[in-house]
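Colleague: One structure follows; several queries about it will come next.
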Amino acid sequence: MEKTVITITATIAAGISKVWEYYTNPVHITHWNFATEDWQCPRAENDLRVGGKYNARMEAKDGSFGFDFEAVYEEVVDQKKLTYTLADGRQVTTEFKDLDGTTKVTTTFDAENENDVEMQRAGWQAILDNFKKYVETN
């Protein structure tokens, strides 16, 4: 079966160093890493190096559902690119492009087979949009 790759993007009104810091620092990750206001990210860990692990707990605020989002970094290029492999073997790459005062963030990821592709795209895009809002207002 051929894999489906999904791409999401956002242009953020902030410089690349701030965008990188807010994207990779667990202190910030817990403030934006969820798709809707009824979800939360109560904890995050990020060992930002090749072979390092990323782990973020994502859960409904009412406690009805939650999961750990886990990955291992394959490539880390400061303020430019992150590539990691999820626990289920899917790959994710996020690129950061400096646009003279704004930053374009593009993530491509292998779709999983349980949920509809558009649902996955919408969910990941909602998280990236939440990240954009967090960076631009803090």
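Colleague: With a ≥ b ≥ c taken as the square roots of the eigenvalues of the C-alpha gyration tensor of the chain, please select rounded if a/c is under 1.5 and otherwise prolate if a/b is larger than b/c or oblate if it is not?
Modeller: rounded
Colleague: Give the accessible area for Asp100 in Å² (nearest 10); use a 1.4 Å probe, count only protein heavy atoms, and leave out ligands, DNA and RNA.
Modeller: Surface open to solvent at Asp100 totals about 150 Å².
Colleague: Right, something else. Let me make sure I get this right: for region 65-131, a, b and c are the square roots of the gyration tensor eigenvalues over alpha carbons, sorted descending. Under 1.5 in a/c it's rounded, otherwise prolate if a/b > b/c, else oblate. Which is it?
Modeller: In terms of gyration-tensor shape, oblate.
Colleague: Continuing with the same structure: Using the heavy atoms of the protein chains and a 1.4 angstrom probe, tell me the accessible area per residue for the chain in square angstrom.
Modeller: Per residue, the chain has an accessible area of 55 Å².
Colleague: Enumerate the aspartates and glutamates that Lys133 could reach by cross-link, defined here as Cα to Cα under 16 Å, with residues fewer than 8 away along the same chain left out.
Modeller: List returned: Glu21, Glu37.
Colleague: While we're on this one: Per DSSP H run of at least 4 residues, take -39500 (n - 2.57); add these up for the chain, divide by its residues and hand me the 222 nm value, nearest 500 deg cm²/dmol.
Modeller: Value at 222 nm, helices only, nearest 500: -8500 deg cm²/dmol.
The values are calculated or read from the model by the stated rules, or taken from the named source; none is laboratory data. For clarity, every value in this text was computed on a predicted model and none was experimentally measured. Protein only, heavy atoms only, side chains kept; ligands, DNA and RNA dropped before computing areas. Shrake-Rupley method; radii C 1.70, N 1.55, O 1.52, S 1.80 Å.
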